[in-house]
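Contents: one structure, followed by commentary.
The values are calculated or read from the model by the stated rules, or taken from the named source; none is laboratory data. A quick note: this is a predicted structure, and the numbers were derived from the prediction, not measured. Glycine gets a Cβ as well: all are built from the backbone with ideal geometry, and neighbour counts include every protein chain shown.
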């Protein structure tokens, strides 16, 4: 603690360039209930979002981390808001506005089951019921087009093929400033601790190897 | 360790009534992939199955714990086999036969998506694709009717209503010896540390309050 205090004194505001700025970071999966027992979700450890939330906090920003269920502890100094569904996550993000920065790292489920059963569905002798899906709200696009739009809105893309082409298209479709494209076709990337990423913006593409 | 060694010496075989017996315990959820990113699953902490595996181990049994993804450490002295899908779980159980006891605690997904996409499905402008489901193998019924059937096969039921009637029907349908019925309609039971259970067998029904 003494060492950190000295570091902070030596660093001053120069070490905290985001002091006074407010950042929203989404992280982890969303969980979309089918019934009280079953759910749809995405693989996401939450590590990338938590690492970004922690880094923004260290740079001086006030960080609101809107997180689906993960096994991770909230980084020190970061305010975590726990959510389950995409709709919960959007509501928590909107409640955290206004903000200067929004970083949408969460693996939000694109679809949710159409209506949550009140009782557990029974396995019968007949064929399985088809699961009807409805589109979830698009958190990245909603924040990008909000009348309280953060100045910098960053989205993430997890793709298995044509990573950069999809990221470029997503940038235009969502209306955000940057897309960070993770190539999940490489083994061990999903849930792993290191990714190869490409940062796609209106200025072009920048590649980072082994991003956290 | 010395204390435990003394305990074990004092207890002798009387404290290890299951010495020489082999038990299979299934625990946790199964995870059924839709594509490389999305999956279907069930809420299950794995705590009940892990507690049972630990207790059987303490009673002297050789325990094979076949577990879906959980945040739990394997109990000491228990052999854990990690699986993802219901089909993996059945294969691991069959590989662990012959056994004297099978305790099927896992929250196995009744259905899985019909065919895993090789690329992540894209969210388009049209309606969401319906998710076609196919029935998963029934691990409890398969073990109960195996030609290498364990002498004691125990199933679990998580129900929201008519708990005991369903448990009685499940007992007959699956061919197991006992059904332990957890009433999940009580708040805080799913993922919680204490359950009210009813043990249903051919001999009738026995209620236990606050089972682990």
Tell me, which helices (runs of 4 or more DSSP H) wholly within segment B:80-192 include 1 or more residues that are at pLDDT 90 or above, farther than 30 Å from residue B:204 by Cβ and out of contact with any strand residue (DSSP E or B) (no Cβ under 6 Å at 6 or more places or on another chain)?
B:86-95
Hey, residue A:198 facing another protein chain (nearest Cβ under 10 Å), at pLDDT 70 or above and part of a strand (DSSP E or B) or not:
no
Do you know which of the residues in segment B:136-172 that are over 17 Å from the mean Cα position of the chain (by Cα) and surrounded by 14 or more Cβ atoms within 10 Å (Cβ to Cβ) is farthest from the other protein chains (Cβ to nearest Cβ)?
B:146
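Pick from segment B:57-78 the residues that are crowded, with 24+ Cβ neighbours inside 10 Å and under 15 Å from residue B:17 (Cα atoms): which of them is nearest to the other protein chains (Cβ to nearest Cβ)? Write out each step before concluding.
Step one: filter segment B:57-78 for residues crowded, with 24+ Cβ neighbours inside 10 Å, giving B:61, B:63, B:65-68.
Then keep just the ones that are under 15 Å from residue B:17 (Cα atoms); that gives B:61, B:63.
Values: B:61: 29, B:63: 25 Å.
The selected residue is B:63.
With respect to residue B:17, is the statement that it is more than 14 Å from every other protein chain (Cβ to nearest Cβ), assigned to a loop (DSSP other than H, G, I, E, B) and over 19 Å from the mean Cα position of the chain (by Cα) true?
Details: more than 14 Å from every other protein chain (Cβ to nearest Cβ): yes; assigned to a loop (DSSP other than H, G, I, E, B): yes; over 19 Å from the mean Cα position of the chain (by Cα): yes.
Spelling it out, residue B:17 is indeed more than 14 Å from every other protein chain (Cβ to nearest Cβ), assigned to a loop (DSSP other than H, G, I, E, B) and over 19 Å from the mean Cα position of the chain (by Cα).
Report yes if residue B:56 is touching a strand residue (DSSP E or B) at 6+ places or on another chain (Cβ under 6 Å) and closer than 20 Å to residue B:149 by Cα, otherwise no. Explain how you work it out, then say what you get.
Values: touching a strand residue (DSSP E or B) at 6+ places or on another chain (Cβ under 6 Å): yes; closer than 20 Å to residue B:149 by Cα: yes.
Here the answer is yes, as residue B:56 does meet what is asked.
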Residue tally, condition more than 12 Å from chain B (Cβ to nearest Cβ), surrounded by fewer than 19 Cβ atoms within 10 Å (Cβ to Cβ) and within 30 Å of residue A:130 (Cβ to Cβ), over segment A:28-56
0
